[in-house]
Amino acid sequence: MSAFFGLIQSAIVYGTIIMFGALGETLTEKGGHLNLGVPGLVVMGGFAGFAAGFVYEKSTDSPSMFLLLLFSFLAALVFSALGGLIYCFLTVTLKANQNVTGLALTSFGVGVGLFGGAYLSKLYGVAGSAKAAVTGTLYTANLNSVLGWGIPGDLLLSYGFLTYLAVVLAVVMHLFLNKTRYGLNLKAIGENPATADAAGINVDKYKYLSTCIGAAICGLSGLCYVFQYGSGNWSTNNNMQALGWLAVALVIFSTWKPLNVIWGSYLFALLYWLYNYIGTIFEIKLTQIWTDILQMIPYVVTIIVLVVASVREKRESQPPSSLGLSYFREER
Amino acid sequence: MDKTAAVSLHDITKRFGSTVANDHVSMEIRKGEILSLLGENGSGKTTLMNMLSGIYFPDEGEIRIGGEPVTIRSPHDAFACGIGMIHQHFKLVDVFTAVENVVLGLDGPLKLDLKKAAAQIEEICARYGFKVDPWQKVYDMSVSQKQTLEIIKVLYRGARILILDEPTAVLTPQETDRLFAIIRAMRDDGKSIVIITHKLNEVLAVSDRVAILRRGAYLGCIETKDATEQILTEMMVGQKVELNIRRTEPRDLKKRLSVRGLTVVGPEGLDALEDVSFDAYGGEILGIAGISGSGQKQLLESIAGLQKVEPGSSIVYTAPEDEQERQLIGRTPLEIRELGVLLSFVPEDRLGMGLVGSMGMTGNMLLKTYGVGHQLFVKEEGAKKLAEEIMEQLAVVTPGINTPVRRLSGGNVQKVLVGREIAAKPAVLMTAYAVRGLDINTSYTIYNLLCEQKEKGTAVIYVGEDLDVLLALCDRILVLCGGRCNGILDARTATKEEIGLRMTKLQETDHE
């Protein structure tokens, strides 16, 4: 039984990482921009948050908890928003191809993050990977350690604040998109920018805002990875990037609905971690090949969802009509 | 009727590059009237109205609303002035409901109150007799419902002046009647309505006054009760202009193409072509006249094998070498070519359908001949030679035969395309708007090339928009009106008015 609870806990921690990325990308795609730079933005956000926490921790003997939190959180938001700004300038203003720009941003972001992390380690003479331990404790602090509610506490309250923030953010985004004037305007731009333009909506402004805010939210995904999942360890493996791709797939899986992103991200994470626990739960021994196959499931499920959504031809489950297309105002 | 002006335009001029779309237009739209804005294709009707709706900004002149000068820079400004335009292509979001489309882009509190908006929409519907469900999705709506929704959209924004751009183009006759009833109801409510159109019968049926534009200039305004179709047509098409095209008498006519009962259903579900029948002969130029969108595109594409046609249609091609008849219906362009049909097509969209913009002249020549020889590697020599010949004979101005054709001027692009199509020694040569956007000299080059082809015995089909050119260049002119063949006239005896009238109104008597 404890292995099963372990799986749930891992899934929720990991799912939060995916959820931020998917929510950010949902907002961007609703405005008609397919940003394939999510993995890059995740790494950029993770690196910036880590760097802020690490440098501040190193600069003083008694770091202020409030400032640590503020610096790392803001750094992640701002740095990944800047990545989004580069993407926007290229795709909105210069009308560059969105796929190419997004993929370039992924290479760029991952490169910047990995290089920066290694540089920081070297600068401060840390052997192996650098660690911002104090900041890590801030992001892993949870109510359960105070209240001690046993198993329900373990399952529901044992996570850092980012887990709850992600769920709140998803609900807020749902309300924004479906109940507010600005949400309606944004969706109209993603569907039919010419119509939105004729209705007097500032198309470029909305695209810039939705893409940059979306990018900032993607940055929180990296922050979550480094501090909540990694307890402040800067990691140099490719996991962060892989989760970024999983987030892009989840947007499709969720059929562009933030509320579906909540359960979808937990499901994806559950499937992702299944290999680690399935042996214990069912008392079988897994070979490497089964691990790989199990980890593949989220992507297979995404393809199935795409096929089903296309076959059913339900208009509400389709991607925004002008997703991936640059908008040129009609001129003769 | 109240005779005060709701909107007045003073000396409005709009240029696009070197072409003048509107030339010092001064006119007024009165309160509580239905004004028809009448003119041929490209006479500047839509451009003029787009300046009222904030799509374009005039280069010169002044717009006054209720006597006060205003500046309209965006659709937003136009709404603020009480002007709403219903475009020919609807501006609606398909996955939204009617009410969501109506409130789109409006200022107001953060939270959307769709229920309140829906109630207001129902109020508007009750007032003017519309039938629209505010909660219906746009993708479930018929064309006429979408149009009604567009009208509701501008009324909801408080428009007092409504501009409708060719509102009946996509409607059935019954729907048109219903639209006219709505328009009259709005007029009686004190709104000013402008209808952009070129259908004379509708002008006479619905409007109070008619304003006429010709080649960007305002010719004047007459009361509809004083107007007749003849007067309007004469004002619209103007005096005959003599052109110096060397037209020989057709001789040695041989039937090349025989079209019978051609029917095509357009994208809106209406007939784009209805029971069109005609013959095209080698040794003559057959002109095709009509308001734009009367089925010209579908007609040419049906012959080229690019268009799905309805059962019962027949297009028979007679080969010059053996006088054998071949049915073209149901075959793809490749199959048609493999049948040995010598068909050349100069489409309207030169860089879209005709040429590949990013390839040079040589590459574009290859498009027609790449299959010759069935070898693994493409042979470039022939294409290169042809490109050089065309460049020399037609005086194409280009840095080199490998310069992407997209970088050439419009006239040179057309020379490349026409040159290639003629080089294939066609038995039937179809051209769509072959001189659109070209200067006088290049236009004459094209006319002469077409005349030369005719003398060589090719059946030339020339779809055009300038009536003077059609009359001077062609031997016979087929007039299309709303997808129907509205008579085939002898170009040597026909008058401009006659064609203009047939373009805008179906003839009851001699229609086959």
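Just so it is clear, none of the values below were taken in a lab; they were calculated from the coordinates. These numbers were taken from a predicted model, which means no experiment stands behind them. Don't worry about glycine lacking a Cβ; one is built from the backbone with ideal geometry, like all the others, and counts go over all protein chains shown.
In table form, for the structure just shown:
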read-out: On Cα atoms only, tilt of B:440-455 relative to the major axis of chain B in degrees; value: 50 degrees
read-out: Amide proton proximity set for B:Leu164, modelled H, under 5 Å, gap of 5+; value: B:Ile86, B:Val194, B:Ile195, B:Ile196
read-out: Positive minus negative residues near B:Thr13 (Lys, Arg vs Asp, Glu; Cβ under 9 Å); value: -2
read-out: Long pairs among B:Lys111/B:Lys146; A:Lys95/A:Lys207; B:Lys14/B:Lys199; B:Lys254/B:Lys454, criterion Cα-Cα beyond 21 Å; value: B:Lys111/B:Lys146; B:Lys14/B:Lys199
read-out: Neighbourhood charge, 14 Å Cβ-Cβ cut-off, centred on A:Leu68 and excluding it, Lys, Arg +1 and Asp, Glu -1; value: 0
read-out: Ellipsoid semi-axes in whole angstrom, largest first, where each is sqrt(5λ) of the Cα gyration tensor of the stretch B:250-297; value: 26, 12, 6
read-out: Cα convex hull volume per residue for the stretch A:2-321 (Å³); value: 152 Å³
read-out: Per DSSP, loop trypsin sites (Lys or Arg not before Pro) in the stretch B:2-106 with at most 12 further Cβ within 10 Å; value: B:Lys3, B:Arg73
read-out: Under the Karplus curve 6.51 cos²θ - 1.76 cosθ + 1.60, θ = phi - 60°, whole-Hz ³J(HN,Hα) for the stretch A:42-56, x wherever Gly or Pro sits; value: 4, 5, 4, x, x, 5, 4, x, 4, 4, 4, x, 5, 5, 5
read-out: Spatially proximal lysines relative to B:Lys308 (Cα-Cα < 18 Å; intrachain offsets below 8 disregarded); value: B:Lys297
read-out: Nearby lysines by direct alpha-carbon distance to A:Lys257 (threshold 18 angstrom, same-chain neighbours under 8 apart not counted); value: A:Lys30, A:Lys179, A:Lys187, A:Lys314
read-out: Using alpha-carbon coordinates, inclination of helix B:381-393 to the longest axis of chain B, degrees; value: 70 degrees
read-out: All lysines inside 16 Å of A:Lys122 as judged from Cα atoms, apart from same-chain residues fewer than 8 positions distant; value: A:Lys58, A:Lys131
read-out: Leading residue at positive end of dipole, the stretch B:127-285 (Cβ point charges), from B:Gly238, B:Val259, B:Phe278; value: B:Gly238
read-out: Dipole of the stretch B:355-424, positive end: most advanced residue of B:Thr398, B:Ile422, B:Ser358 [Cβ charges, Cα centre]; value: B:Ser358
read-out: Gained length - A:Ser107 relative to A:Asn276, 0.36 nm times residue gap less alpha-carbon distance; value: 57.9 nm
read-out: Convex hull (Cα only) mean projected area of the protein assembly as shown, reported in nm² to one decimal; value: 45.2 nm²
read-out: Point-charge dipole on Cβ atoms (K/R +1, D/E -1) for the stretch B:118-219, about Cα centre, debye to 20; value: 360 debye
read-out: Peptide B:83-94, shielding by other chains (average Cβ, 10 Å cutoff); value: 3
read-out: Centre separation in Å (Cα based) which lies between the stretch A:186-210 and the stretch B:446-491; value: 45 Å
read-out: Stretchable slack from B:Lys385 to B:Lys240, in nm (0.36 nm times residue separation minus alpha-carbon distance); value: 47.9 nm
read-out: Folded to 0 to 90 degrees: helix A:98-123 orientation relative to chain A principal axis, Cα; value: 30 degrees
read-out: Residue-averaged [θ]222 nm for chain A, counting only DSSP H segments that reach four residues, each worth -39500 (n - 2.57); value: -24500 deg cm²/dmol
read-out: Residue-by-residue Karplus 3J(HN,Hα) for the stretch A:307-324, coefficients 6.51, -1.76, 1.60, Hz, glycine and proline x; value: 5, 4, 4, 5, 5, 6, 6, 6, 5, 6, 9, 8, x, x, 4, 9, 4, x
read-out: Size of charge dipole - the stretch A:2-321 - debye, nearest 20, with Cβ of Lys, Arg +1 and Asp, Glu -1, no other charges; value: 420 debye
read-out: Loop-located GluC sites (Glu not before Pro) in the stretch B:190-267 whose Cβ has at most 13 other Cβ within 10 Å (DSSP); value: B:Glu242
read-out: Of A:Leu165, A:Leu186, A:Leu243, the one that fluctuates the most in a GNM where chain A has Cα springs shorter than 10 Å; value: A:Leu165
read-out: Electrostatic dipole magnitude of the stretch B:5-237 [Cβ: Lys, Arg +1; Asp, Glu -1; Cα centre; debye, to 20]; value: 380 debye
read-out: Environment charge of B:Leu112, counting only residues whose C-beta is closer than 14 Å and scoring Lys/Arg +1, Asp/Glu -1; value: +3
read-out: Top of A:Ile281, A:Ile217, A:Ile201 by mean-square fluctuation, Gaussian network on chain A, Cα under 10 Å; value: A:Ile281
read-out: Radius of gyration and maximum dimension Dmax of chain B, Cα, Å; value: 25.3, 77
